[in-house]
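To keep things clear, I will list the structure first and then write my remarks on it.
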Amino acid sequence: MRHRAPVGALASPIEVTAATVQRGDIIQLGGQAYRVRDLFQLPHGAKQLVFESGELLAIHTCTRLIALRLRRRR
């Protein structure tokens, strides 16, 4: 899955958890990049991520993933 960054956007790798993950974050899992389309709160602080490709991923509060987050350049 390849996405072009919008003109004027910077991509930075960050560590995300269930508390900090956001829509639009790009997470690499098993060699594939997945963009987060939606999030749902689960019990005990966990979150379920819905990717643009339709896959789901539930992450626990202690789970840490590396994501690419696009930031607009001013």
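The values are calculated or read from the model by the stated rules, or taken from the named source; none is laboratory data. Given the structure is predicted, the values throughout are model-derived calculations rather than measurements. Here the Cβ is made from the backbone with ideal geometry for all residues, glycine too, and neighbour counts use every protein chain on show. Accessible surface is based on the protein model in full, side chains and every heavy atom, while ligands, DNA and RNA are left aside. Shrake-Rupley method; radii C 1.70, N 1.55, O 1.52, S 1.80 Å.
Just a few scattered comments:
- Sites THR61 and LEU10, calculated FRET efficiency, Cβ-Cβ separation with R0 25 Å, nearest 0.05: 0.30
- Percentage, to the nearest whole number, of Cα pairs in the range 26-74 over 11 Å apart: 71
- Protein-only accessible surface order, largest first, of ASP38, ASP25 at 1.4 Å: ASP38, ASP25
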